[in-house]
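Here is the structure we will look at, set down as structure tokens.
The values are calculated or read from the model by the stated rules, or taken from the named source; none is laboratory data. No experiment lies behind these values; they were computed from the predicted model shown. Note: ideal-geometry Cβ built from the backbone for every residue, glycine included; neighbour counts use all protein chains shown. Quick note on the areas: whole protein, heavy atoms, side chains included, nothing else; ligands and nucleic acids left out. Shrake-Rupley method; radii C 1.70, N 1.55, O 1.52, S 1.80 Å.
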Amino acid sequence: LASLKKLGDEIRAAEYKTSYSQWKYEKPEEVSALETEVETTLWTELDQLCAAKQAVLDDDLAREQYKEATRLKVQNHRTAYDLLEHWCQQQIAYLKIKEKVTNSELAKAELSRVELHSQKKHDLTQADKAQHVALGEDIRAAEYKTQHSQWKYEKPQELLALEAKLQEYWEQLKVLHTAKLAVLNDDLARELYAEETRLLADQHKANQQQLMAWASTKLAYLETKEDITATQEAQFHLSLLEAFRNLHASKTSTSVASLHALGQTVLSRQYKTFISSYRYEHPQAIKDREAELAKPWQGLLSAAETKLDVLQDHLARCLMQDATRLDVQIHRRMHEQLKSWVGASQSYLAAQETIENEDEATLHLNLLEAHRQEKKDKHEGGVKSLVAKGNAIRAAEYKTS
């Protein structure tokens with residue numbers, strides 16, 4: 001425009017003038033009119049068109065920037081989905097695994113691990129997943145709209161599909177979590193039951209070992225042959241044996257019976273659900289222990305009977321010894337009595353009486369006759385009894401196997 005006006009000024013100012021002639025452009029007003037047309041009408045129209053185009057282009061820029069920002073959100077939406085999907089796939093793989101649980105501590109550890117999964121899922125539900133859905137809603141609700149143009153994200157269904165897929169994963173995780181939790185709770189209950197059963201089995205073993213030790217100790221006692229030389233000793237050991245027999249009977253009705261009852265408890269215990277089952281792993285060991293105890297336990301009775309026979313034999317022998325020794329004492333007293341009578345008789349017979357008349361002689365003859373009769377009686381009674389008692393003592397003998 002400046003060049004046009006400059007040229008117009010040059011045209012209007014152009015003049016040829018000499019002493020011979022003169023000339024200027026005949027229609028300067030047309031030049032001015034053209035400049036005026038350009039400067040007013042055309043330039044104004046251009047300004048208007050430029051302003052209109054500027055508005056359209058500014059709108060284009062704003063719209064494209066809006067689209068880029070929205071598509072960046074879409075990328076973020078996809079990235080968030082990929083991260084969540086990866087986590088879900090990892091957790092699905094984990095939840096599908098059946099761990100080998102062989103004790104309650106392992107079961108508790110696995111339950112803690114499941115609880116960590118549940119807490120993580122809860123946190124993701126409240127944060128990442130909720131943000132993912134909110135971002136999708138924000139993208140789907142986003143719209144650029146002016147008098148010049150309009151735009152909305154072209155593929156909202158893809159966003160919904162990703163969110164729906166995540167929800168499917170979430171539901172699958174819920175189902176798998178419920179199933180795994182049931183299995184692990186069953187594992188824990190089963191292993192606690194199994195450990196309790198094994199403790200009972202261990203108690204059965206300990207009780208059997210105690211009874212075996214007791215039986216071994218008592219068998220050693222029963223096989224011991226005491227050196228018994230007196231009735232009192234025999235009676236004392238018989239009382240000890242009777243005490244043992246009472247204790248054996250008591251233990252049979254209590255400790256041994258309890259052992260068998262405990263064994264039956266272990267063998268009858270059973271854990272069974274639709275998920276798993278358990279019975280004691282070594283039932284034969286229970287039966288073997290009880291069978292192992294039965295033989296020495298019954299052997300104690302046989303040994304006790306043998307010891308009873310031996311002790312009763314000791315008692316019978318000692319009672320015979322006592323009776324024989326008593327006879328010896330009686331035999332000695334009988335001998336002393338006879339010896340004393342013989343001594344007195346010897347003194348009487350050796351004495352020389354002074355006889356001065358017939359009556360005195362007759363008296364002493366009668367006394368001598370009485371002595372003879374007494375001597376005869378003593379022989380028939382005392383001496384023969386003494387010999388008989390001596391023969392009985394000499395013949396006395398106690399002899400058994």
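Descriptive notes on the structure:
- Positions within segment 330-361 being assigned to a helix (DSSP H, G or I) and in contact with a helix residue (DSSP H, G or I) (Cβ under 8 Å, 6 or more places away or on another chain), in sequence order: I330, H331, M334, H335, Q337, L338, W341, S345, Y348, L349
- Candidate set: segment 219-246, residues that are of a type in the set (G, A, S) and surrounded by 12 or more Cβ atoms within 10 Å (Cβ to Cβ); chosen: the one farthest from K295 (Cα to Cα): A230
- Close pairs (9 angstrom Cβ cut-off, 6 or more residues apart or separate chains): closer than 17 Å to A257 by Cβ in segment 187-209, open to solvent by less than 70 Å² (accessible area, probe 1.4 Å) and not in a helix (DSSP H, G or I) anywhere: L200/R269; L200/Y280
- Filter result (open to solvent by less than 60 Å² (accessible area, probe 1.4 Å) and of a type in the set (V, I, T)) within segment 347-360: none
- Residues satisfying the stated conditions in segment 283-317, i.e. surrounded by 13 or more Cβ atoms within 10 Å (Cβ to Cβ) and of a type in the set (S, T, N, Q): Q312
- Looking only at residues in segment 206-218 that are buried (at least 17 other Cβ atoms within 10 Å of the Cβ) and of a type outside the set (S, T, N, Q), the one that is nearest to Y280 (Cα to Cα) is L211.
- Conditions (1) more than 30 Å from T306 (Cβ to Cβ); (2) without any contact (Cβ under 8 Å) to a residue 12 or more places away in the chain; (3) open to solvent by 100 Å² or more (accessible area, probe 1.4 Å); number of the one not met by Q373: (3)
- Consider segment 215-266 and keep the residues that are assigned to a helix (DSSP H, G or I) and among the β-branched types (V, I, T). The one that is farthest from the chain's Cα centre (by Cα) is T231.
- Filtered residues of segment 92-109 (kept if assigned to a helix (DSSP H, G or I) and open to solvent by 30 Å² or more (accessible area, probe 1.4 Å)): A93, K96, E105, L106, K108, A109
- Only listed residue being over 60 Å from the mean Cα position of the chain (by Cα) and loosely packed, with under 12 Cβ neighbours inside 10 Å, chosen from A344, A392, A396: A344
- Pairs with Cβ under 6 Å, 6+ apart, first in segment 227-240 and within 20 Å of A304 (Cα to Cα), second in a loop (DSSP other than H, G, I, E, B): A234/I228; H237/E226
- When segment 182-205 is filtered for residues that are open to solvent by 60 Å² or more (accessible area, probe 1.4 Å) and of a type in the set (A, V, I, L, M, F, W, C), the ones remaining, listed by number, are L192, L199.
- Selection from segment 51-91 of residues that are aromatic (F, W, Y) and open to solvent by less than 60 Å² (accessible area, probe 1.4 Å): Y81, W87
- A single member of K174, K129, K145 is within 27 Å of D58 (Cα to Cα) and either of a type outside the set (A, V, I, L, M) or open to solvent by 30 Å² or more (accessible area, probe 1.4 Å) (or both), and it is K145.
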